[in-house]
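Step one of this worksheet: look at the structure below.
Every number here is computed from the coordinates shown, using simple stated rules; none is lab data. The structure presented is a predicted model; accordingly, all values stated were derived computationally and were not measured. Cβ placement follows ideal geometry from the backbone for every residue including glycine, while neighbour counts extend to all protein chains displayed.
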Amino acid sequence: MAEAANAPQGAGYHSQNIFKSMKDIDFKQTISHQCGVTMNDSVEARAIADFMGEKPGVTVTYQPALIRIDGEGKLIFKMDEISNYFGREMTAEIFEVNTSTHYGRMVRTDDNTVVLFGDMDEMLQYT
């Protein structure tokens with residue numbers, strides 16, 4: 001699959017792709033512990049993707065108008081860390097506006113932290 005022509009290069013850029021052709025998918029009756037977000041391509045989304053892409057176990061996929069951030073088990077988005085990386089304020093509200101969809105269970109643990117859980121049992125501590 002061709003990558004977006006204007007996808008960023010350098011630190012935080014990943015050429016990995018989570019998408020597979022239907023012929024390469026093996027359907028099993030198993031539970032996935034994956035989680036992730038899809039964001040509309042924007043300055044904020046690229047900053048979040050670049051920052052999260054430096055974390056182990058995180059895959060960032062650039063599409064022409066979207067950016068996917070995927071992980072296994074849990075993704076933790078700390079707004080103060082993203083703000084420091086981005087150079088301007090990132091709030092949970094701005095993060096949620098930039099997130100067009102997500103999979104996994106999203107929990108806002110406090111004003112600074114949004115967590116996506118791939119494991120429902122781990123998420124239950126917040127109910």
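Summary of values
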quantity	calculated
Filtered residue count, region 24-58, keeping only those that are in contact (Cβ under 8 Å) with a residue 60 or more places away in the chain and either in a strand (DSSP E or B) or among the aliphatic types (A, V, I, L, M) (or both)	7
Members of region 33-72 found to be among the acidic types (Asp, Glu) and either in contact with a Leu (Cβ under 8 Å, 6 or more places away or on another chain) or over 21 Å from THR91 (Cα atoms) (or both), listed by number	ASP41, GLU72
Residue selected from region 109-120 under the condition in contact with a Phe, Trp or Tyr (Cβ under 9 Å, 6 or more places away or on another chain) and more than 11 Å from GLY73 (Cα to Cα), by the criterion surrounded by the most Cβ atoms within 10 Å (Cβ to Cβ)	VAL114
Hey, MET106 touching a residue at least 24 places away in the same chain (Cβ under 8 Å) and surrounded by 15 or more Cβ atoms within 10 Å (Cβ to Cβ) or not	no
Cβ pairs under 6 Å, 6+ apart, first in region 109-120 and closer than 16 Å to GLN34 by Cα and in contact (Cβ under 8 Å) with a residue 40 or more places away in the chain, second basic (Lys, Arg) and part of a strand (DSSP E or B)	PHE117/LYS74; PHE117/ARG105
